[in-house]
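Just so it is clear, none of the values below were taken in a lab; they were calculated from the coordinates. All values reported here derive from a predicted model rather than from experimental measurement. Don't worry about glycine lacking a Cβ; one is built from the backbone with ideal geometry, like all the others, and counts go over all protein chains shown.
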Amino acid sequence: MAWTFLRCVSGPHLTRIHRSPDQSGPDSRRGRNYQPRTLEKHTDNLLGWASTLWSLSYYSSPLLLSYLYRKGYICSSKLVPVSQLVGTVIVCLLGVACLRGWGRWKNSDYVQFISVLEESRKNLSSENKRKLRSYNFDFSHWPSDFRSTEVSSPKLSKAGVSLLKPEPKLRGTADTVLNSVRTLPCHIIGFLVTHSFGRRMLYPGSVGLLQKAMRPMLHQGQAKLIEEYGGQRNKLVACDGNEIDTMFVDRRRDGGEKGKTLVICCEGNAGFYEVGCMNTPLEGGYSVLGWNHPGFGGSTGVPFPQNEANAMDVVIQFAVHKLGFQLSDIVIYAWSIGGFTATWAVMSYPEIQSVVLDASFDDLLPLALKVMPESWRPLVQHTVRQYMNLNNAEQLLKYQGPVQLIRRTRDEIITTAGPDDIMSNRGNNLLVKLLQYRYPKIMTEEGIRIVKQWLGASNPIEETSVYSSYEVDDEWCVSVLQSYQADGEVLFPWSVGEDMTPEGRQQLALFLARKHMRNFESTHCTPLPAAEFHSPWRL
């Protein structure tokens with residue numbers, strides 16, 4: 001009995017009972033929110049407020065310490081009373097935690113939950129895992145379902161999976177030493193900026209206060225995925241030790257041909273699988289695997305590029321080795337900043353079926369320069385390239401498979417000149433770079449000019465007008481590309497178009513642009529309807 005009480009004191013926060021562990025039948029997925037008793041409810045609120053105040057003091061600590069120092073509060077004579085006050089607060093909080101444990105101990109639902117959790121820790125059998133999935137609780141207490149170390153992968157090293165690094169400038173030995181000394185302040189400032197407000201500006205979803213505010217919405221979204229779609233939550237441990245929170249919905253039995261395809265979703269910088277782009281392929285009938293960035297939701301760590309790639313790698317390994325999908329059955333779907341992990345995935349696993357990039361960009365640097373003062377340009381360039389080098393286009397060019405780009409016509413986030421200037425949308429640059437690499441003989445200066453003219457169309461009518469003005473014959477374009485492919489050259493870049501008339505190259509340039517990019521009349525954050533989610537074009 002005493003041991004049960006101690007487990008209630010130190011146990012995780014329980015939010016919902018998705019179903020009774022022993023429940024079966026047509027209503028087996030129906031759930032209910034966990035109802036704490038009065039004592040547990042009030043003590044939990046006190047501990048929640050303490051956690052919020054701690055978060056506020058953490059983020060404001062530089063200003064707070066500076067203020068206290070100027071007022072003379074930081075001195076040896078005043079530190080002793082402060083330390084005593086802190087000790088008293090800690091003792092009081094421990095007392096509150098014990099009272100909360102007492103309230104949990106008197107609640108049969110929590111006692112049953114804690115017994116299931118302890119049994120799962122001792123023996124994580126399939127039956128105990130099924131019972132544990134009936135509850136929604138703090139993910140840090142969830143046992144791991146898969147580790148990257150369970151499979152051997154040549155992509156893993158002590159530092160994690162490999163990333164594309166910026167090419168170093170060639171210098172002499174003396175120049176290199178002098179340049180290192182000269183740029184040392186820039187290195188230090190860039191490191192501090194990235195590890196303080198820079199990372200949080202780029203990934204606001206990793207900020208704890210924002211997650212606290214969104215918690216009811218996240219719990220509701222998670223309950224929907226589990227109870228309506230039969231989703232299974234899993235904890236994956238990446239090679240760097242970060243725990244990745246994932247949700248898998250299996251449609252292989254009842255989803256037809258679409259259900260046999262697994263769509264792995266990569267969320268935006270403030271997106272979570274509970275309320276993010278995972279819903280689009282779900283409504284389309286696909287099997288779906290969603291995951292949260294490091295530092296988002298139940299995932300641990302911070303969303304730096306290396307950690308992001310490590311997380312993406314363990315998600316793919318889990319899909320292949322535990323869920324039983326082949327790489328050729330997997331489609332990567334990304335929204336916004338999720339394009340980085342999506343392009344890393346298809347670059348590193350070229351056997352993946354295809355990739356769909358929605359409202360994504362070619363490179364982070366132009367977007368970072370847009371929001372920073374011009375005088376900070378050298379610092380921003382160094383910081384992005386050194387610590388946050390989200391080089392989507394460079395990674396995408398390493399992939400040989402089908403690609404679908406979706407451009408938001410009123411995008412206000414990835415444009416460098418505002419949502420009214422559609423030509424400043426960085427998705428345009430991603431398309432042009434992709435076509436330039438794959439079809440260099442078609443995408444000459446004239447081809448680029450024509451594609452940009454098509455990209456500049458502000459509505460479907462103008463887009464169709466540009467397309468028809470060049471009298472593009474789709475059937476002829478397909479036959480030319482198929483005949484070229486039949487000649488035996490399969491890997492990009494292709495030399496198709498070098499012995500062709502200017503008019504023929506113009507037609508092919510517009511045809512290929514239209515096949516690789518589709519417009520969606522919306523702003524950046526509008527959820528993509530399932531009707532707009534299509535498999536990429538393939539020859």
| Going by how many other Cβ atoms sit within 10 Å of their own, how do PHE146, PHE272, PHE492 line up, fewest first? | PHE492, PHE146, PHE272
| task | Counting only C-alpha contacts under 8 Å and six or more residues apart, can you give the relative contact order of the chain as a whole percent? | result | 11 percent
| In nm, what is the difference between 0.36 nm times the number of residues separating ARG252 and SER458 and their Cα-Cα distance? | 70.1 nm
| request: Enumerate the amide H contacts of SER354 below 5 Å, restricted to partners 5 or more residues apart or on another chain; note that Pro and chain-start residues carry no placed amide H. | output: ILE332
| Hz values of 3J(HN,Hα) by residue in the stretch 199-215 - Karplus curve (6.51, -1.76, 1.60), Gly and Pro given as x | 5, 6, 5, 6, 10, x, x, 8, 6, x, 5, 5, 5, 4, 5, 8, 4
| Volume of the Cα convex hull of the stretch 279-402, divided per residue and given in Å³ | 119 Å³
| For the stretch 201-296, the Rg and Dmax computed from alpha carbons only, in angstrom | 13.6, 42
| task | Find how many whole Å separate the alpha carbon centroid of the stretch 268-299 from the alpha carbon centroid of the stretch 441-491. | result | 34 Å
| said: Show me, for the stretch 134-146, the HN-Hα J-couplings you get by feeding each phi into the Karplus relation (A = 6.51, B = -1.76, C = 1.60, θ = phi - 60°), rounded to Hz, glycine and proline as x. | reply: 6, 10, 10, 8, 3, 5, 5, 8, 6, x, 6, 9, 7
| request: Select from MET388, ASN428, HIS534 the residue farthest towards the positive end of the dipole of the stretch 383-539; place +1 on Cβ of Lys and Arg, -1 on Cβ of Asp and Glu, and compute about the Cα centre. | output: MET388
| Label point distance in nm, GLU471-ALA531, each placed 7 Å from Cα along Cα→Cβ | 3.5 nm
| said: About the Cα centre, and with charges only on the beta carbon of Lys, Arg (+1) and Asp, Glu (-1), how big is the dipole of the chain? Nearest 20 debye, please. | reply: 2580 debye
| field | Violating pairs (Cα-Cα greater than 20 angstrom) within the set LYS452/LYS515; LYS165/LYS322; LYS41/LYS129; LYS41/LYS235; LYS260/LYS322; LYS129/LYS258 | value | LYS165/LYS322; LYS41/LYS129; LYS41/LYS235; LYS129/LYS258
| message | Given Cα positions, please report Rg to Rh for the chain, the hydrodynamic radius being the Kirkwood one. | response | 1.02
| field | J(HN,Hα) series, the stretch 380-397, from Karplus relation 6.51 cos²θ - 1.76 cosθ + 1.60, nearest Hz, glycine and proline x | value | 5, 4, 5, 5, 5, 5, 7, 10, 9, 7, 8, 9, 4, 5, 4, 6, 5, 5
| task | Evaluate E = 1/(1 + (r/R0)^6) for LYS370 and PHE191, where r is the Cβ-Cβ distance and R0 equals 25 Å; express this FRET efficiency to the nearest 0.05. | result | 0.65
| field | Rounded FRET efficiency, nearest 0.05, which uses the C-beta distance separating LYS122 from ARG385 and R0 of 60 Å | value | 0.75
| message | Using only the alpha-carbon atoms, how far is helix 339-348 inclined from the longest principal axis of the chain? Give it as 0 to 90 degrees, nearest 10. | response | 70 degrees
| remark: Rounded to the nearest Å, the spacing of the alpha-carbon centers of the stretch 214-265 and the stretch 88-129 is 26 Å
| query | If each of GLN35 and VAL111 carries a label point 7 Å out from its Cα toward its Cβ, how far apart are those two points in nm? | reply | 1.8 nm
| said: Can you tell me the orientation of helix 474-486 relative to the chain, as the angle in degrees between its alpha-carbon axis and the longest Cα principal axis, to the nearest 10? | reply: 90 degrees
| query | Given charges of +1 on the Cβ of Lys and Arg and -1 on the Cβ of Asp and Glu, with all other atoms neutral, how large is the dipole of the stretch 366-437 about its Cα centre, in debye to the nearest 20? | reply | 200 debye
| query | Under a point spin-label approximation (7 Å from Cα along Cα-to-Cβ), what is the ARG410-VAL9 distance to one decimal in nm? | reply | 5.7 nm
| query | Length gain on complete extension for the stretch ASN45 to LYS260, per 0.36 nm per residue less the alpha carbon to alpha carbon distance? | reply | 72.9 nm
| said: Can you list residues from other chains, or at least 5 along the same chain, whose modelled amide H is less than 5 Å from the amide H of ARG16? | reply: TYR34, ASN136
| Which far-off residues, 5 or more places away or on another chain, put their amide H under 5 Å from the one on THR444, with H placed in the peptide plane? | none
| query | Given R₀ = 45 Å, FRET efficiency for MET500-LEU184 by Cβ-Cβ distance, to 0.05? | reply | 0.25
| request: Can you put ASP250, ASP411, ASP358 in order of Cβ neighbours within 10 angstrom, beginning with the fewest? | output: ASP250, ASP411, ASP358
| message | Within a 10 angstrom radius of the beta carbon, how do TRP142, TRP49, TRP376, TRP335 rank from fewest other beta carbons to most? | response | TRP49, TRP376, TRP142, TRP335
| request: Note down the relative contact order for the stretch 382-539 as a percent, whole number, built from C-alpha pairs under 8 angstrom at least six residues apart. | output: 36 percent
